[in-house]
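Notes follow the structure.
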Amino acid sequence: MSRRLSLLFLALLAIPQLLFAASTAKPKVRAITAFVKIDRSNYTAKIADALTLLRAARTAFESRGYEVQTIRITTQPFPEYTAGLPREQALAFLQQLDALAAREQFSLNLGPAMLRDNDSTIAMGLLAEALPSTQHSNSSVIIAADDGIHWKAIAAAAHLVKHLAEHSPHSQATFSFAATAMLTPYAPFFPGSYHTGPGDRFAVGFEGANVVDQVFSSGRRSPDDLVRELSAALTEHARVAEEVGQALQKQSGWEFLGVDVTPAPLGDISIGAAIEHYLGAPFGSSGTLTAASIITQAIKAIPVKQVGYSGLMVPVLEDKTLAERWNQGTYHLDSLLSYSAICGTGLDAVPLPGNISEEQLARILGDVASLAFKWHKPLTARLQPVAGKQAGEKTEFDSPFLVNTTLQPLL
């Protein structure tokens with residue numbers, strides 16, 4: 001073969017790769033999250049400073065062709081700045097923060113109600129009143145950390161989840177609360193995000209399920225090849241976030257902490273559909289665990305500073321395909337826990353029958369905490385019982401972030 005023909009042959013081989021690269025859509029930036037430390041006397045100024053940083057970050061991403069879905073602010077744990085207030089005043093202050101979030105169009109995280117297992121459960125009672133009466137606020141409780149599994153916090157979380165399901169329209173306040181295990185500070189994704197530091201820091205998370213879908217849909221390759229290709233595709237966008245973050249750090253003095261490279265889904269941007277393109281079968285079929293492993297390995301190989309979960313996110317109610325497969329019963333709670341053992345975010349946005357007891361909720365939370373503590377990996381439980389609904393009935397959420405599905409019986 002002549003040199004000219006050899007070069008032509010190589011060029012033709014490259015065409016599919018070039019077309020794939022050209023057709024790769026940018027993922028949305030799901031969250032640019034600022035971490036602030038406030039008190040009741042300075043919170044407006046601190047939040048204003050954070051919003052200046054966040055809006056500059058949004059502009060920087062948009063100038064590079066990325067759509068930014070949300071800007072977010074996470075405070076230190078709210079029991080610190082509501083301490084000493086009567087219950088009514090503490091609730092009023094949290095509602096003021098939520099109203100500020102509504103006016104300034106950001107999502108707010110109040111931090112954990114309990115960091116340690118010997119913390120008072122009083123703040124959990126305050127959340128029981130605050131979350132049903134607010135629209136933009138999120139919070140959490142830590143159920144496992146380096147000091148062990150927090151069994152008292154697990155019981156308090158189960159009680160709160162049951163209360164929120166029974167005292168909010170469509171039981172939707174449960175969507176704003178998570179029990180987290182072994183999650184380190186500064187994760188940009190809600191509702192598990194928290195910090196205990198001085199503030200003036202920020203991090204970024206992408207909605208990258210479409211990138212996974214593009215790689216998994218582009219033809220059959222070995223798992224090792226898919227790990228390399230997916231890591232390269234996700235790295236392209238993670239490096240943009242790192243460049244933007246480092247530039248803003250120099251300009252603003254806020255410390256850029258890194259990127260949560262979890263390929264988050266939402267609605268039609270589906271990690272479930274991406275995995276099905278790899279499997280050629282419904283999510284939950286044999287091979288789903290392998291797909292989880294491929295995604296996890298690809299994420300861990302991304303050469304940027306990573307924060308948060310940086311793993312596979314499988315939020316049942318936020319993903320159209322996952323919600324449909326839940327409806328069909330192709331996977332269940334134990335399936336999700338097994339995938340989480342490879343690397344995942346746990347039991348996220350999982351719909352449950354309304355007649356589930358606190359004891360059953362606590363056992364589920366205990367499983368998540370035990371798995372996370374055993375493998376020293378971050379997991380979340382965002383459980384969503386639906387009051388008045390039984391197994392076999394369909395949910396009736398009216399949130400744009402939730403996909404309705406059929407409730408499955410507890411095993």
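A short reminder: the numbers here are calculations on the coordinates, not readings from a lab. Computed from a predicted model, the values in this text were never measured in an experiment. Quick reminder, even Gly has a Cβ in these numbers, built from the backbone with ideal geometry, and neighbours come from all protein chains shown.
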Give me the percent of DSSP beta bridges within the stretch 28-181 that run antiparallel, rounded to the nearest 5.
-> 10 percent
Local electrostatic count, VAL204, Cβ distance below 10 Å [Lys/Arg +1, Asp/Glu -1] = -1
Which residue, chosen from TYR81, ALA123, ASN109, occupies the Cα position most advanced towards the positive end of the dipole of the stretch 28-181, where the dipole is computed from +1 (Lys, Arg) and -1 (Asp, Glu) charges on Cβ about the Cα centre?
-> ASN109
Calculate how many DSSP beta bridges within the chain are antiparallel, expressed in % of all such bridges and rounded to the nearest 5.
-> 30 percent
How would you order 301-312, 244-255 from highest to lowest mean count of nearby Cβ atoms within 10 Å?
-> 301-312, 244-255
Mean residue ellipticity (222 nm) of the chain, computed from DSSP H runs ≥ 4 via -39,500 (n - 2.57), nearest 500 = -15000 deg cm²/dmol
Tell me, in nm to one decimal, what length is gained between GLU88 and ARG116 on full extension, where the rule is 0.36 nm per residue of separation less the Cα-Cα distance?
-> 7.6 nm
Computed over the stretch 160-203, the ratio Rg/Rh where both radii use C-alpha atoms and Rh is Kirkwood = 1.10
Length gain on complete extension for the stretch ALA99 to LYS152, per 0.36 nm per residue less the alpha carbon to alpha carbon distance?
-> 15.9 nm
Does the stretch 28-181 come out rounded, prolate or oblate by the C-alpha gyration tensor, with a ≥ b ≥ c the root eigenvalues, rounded set by a/c under 1.5 and, if not, prolate when a/b is larger than b/c and oblate if not?
-> prolate
Here are several values of percent of Cα pairs over 33 Å apart: (1) 23; (2) 31; (3) 43. Which one was derived from the coordinates shown?
-> (2)
Toward the positive end of the charge dipole of the chain, about the Cα centre and with charges on Cβ (Lys, Arg +1; Asp, Glu -1), which of GLY280, PRO185, LEU91 goes farthest?
-> GLY280
Using a simple charge model, +1 on the beta-carbon of Lys and Arg, -1 on the beta-carbon of Asp and Glu, nothing else, what dipole does the stretch 225-269 show about its Cα centre, in debye to the nearest 20?
-> 160 debye
